[in-house]
Amino acid sequence: MYSNFAQAILAEPPGQILEGDEPLPVQIAGYIRHQIIHDILKPGEPIRERVIAEQLNVSRTPMRDALKILSVERLVELIPNRGAVVVKNSIDDIADMLTVYTELEAIGGVAACRMANESDFLNVERQLALMEAASAEGDRIKYFRANQAFHLAIIAASRNKTLIEIHANLSLRLYRVRYLAILEQEVGQSRSAEHHELVDTLRARDTARMAELQKAHFTVAWRLIDDWSRLKRQP
Ligand SMILES: [Zn+2]
């Protein structure tokens, strides 16, 4: 079970856009979302509605509806008389999101231990295999996407709709910084042991260990935030 947000995260980068059968505003939102979370449109940058509407050959009404979708997702801020700008999160904002996200990972992991069936286990293991293949190839982007899919698959196995939705929204809002971070880091064999232990613990339905592991897995993200605040670097 995946939320729409999760599908947005997992969607292939839209090469040929506006060909799907989803409502136009949803497709336009997908196009702009892709540019925001991959740091093509930068934080604080105004979204040039007219330019994008021309690029996509759409009118301004679905364009506005698309921006409303992105504003609900908190990726875009709608400013009266100024139009839409890409949300700019401070280090504190990101730390706040990460605090909640880390707890949701733990809650989701525990629920997944209780709820997961064989097909959930297999799904999680499939994502792990994809991650290891990407790691072997040294393909960072592929690794990043498989890593996201792996962690989302665990949360999906929780079967808790509310949790899945809130978790996916935070994933989306944290996507950009995690994406930039992975481009800086080595594609890690180092995390492979942790991922295998997550799978084993899920299969063993060991809820206490799962909560610990899920939280510990985010120490890397926290270290990154520490680095940024020390270096006074804009996330
Ligand atoms: Zn991971």
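Bear in mind these aren't lab numbers, they're just calculated from the coordinates by the rules spelled out. Computed from a prediction, not measured in an experiment: that's the story for all the values here. Using ideal geometry, Cβ is built from the backbone for each residue, glycine included, and neighbour counts are taken over all protein chains shown.
Numerical summary
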{"item": "Distant-in-sequence amide H partners of ALA84 (H built 1.01 Å from N, under 5 Å)", "result": "ILE47, ILE79"}
{"item": "In order through the stretch 25-37: 3J(HN,Hα) via Karplus (6.51 cos²θ - 1.76 cosθ + 1.60), integer Hz, x for Gly, Pro", "result": "x, 5, 5, 5, 4, x, 5, 6, 4, 4, 5, 6, 6"}
{"item": "Under-5 Å amide H pairs with VAL76, H placed in peptide plane, nonlocal only", "result": "SER71, VAL87"}
{"item": "Whole-Hz couplings from phi, Karplus 6.51/-1.76/1.60, listed for the stretch 135-141; x for Gly and Pro", "result": "5, 4, 7, x, 8, 4, 5"}
{"item": "Descending principal axes extents, the chain, alpha-carbon based, whole Å", "result": "54, 44, 35"}
{"item": "Under 14 Å from the ILE91 label point (7 Å along Cα→beta-carbon), backbone N, the stretch 191-235", "result": "222-235"}
{"item": "Interchain or long-range residues, amide H under 5 Å from ARG191's placed H", "result": "none"}
{"item": "Mean ellipticity per residue at 222 nm, deg cm²/dmol - from DSSP H runs of n ≥ 4 across the chain, formula -39500 (n - 2.57)", "result": "-23000 deg cm²/dmol"}
{"item": "In sequence order, calculated HN-Hα J values of the stretch 158-174 (Karplus, 6.51, -1.76, 1.60; Hz; x Gly/Pro)", "result": "5, 6, 9, 4, 5, 4, 4, 5, 5, 4, 5, 5, 5, 4, 5, 6, 9"}
{"item": "Taking all pairs of distinct alpha-carbon atoms in the stretch 91-231, Kirkwood radius in angstrom", "result": "15.2"}
{"item": "Relative packing of peptides 93-103, 122-132 - highest average C-beta neighbours within 10 Å first", "result": "122-132, 93-103"}
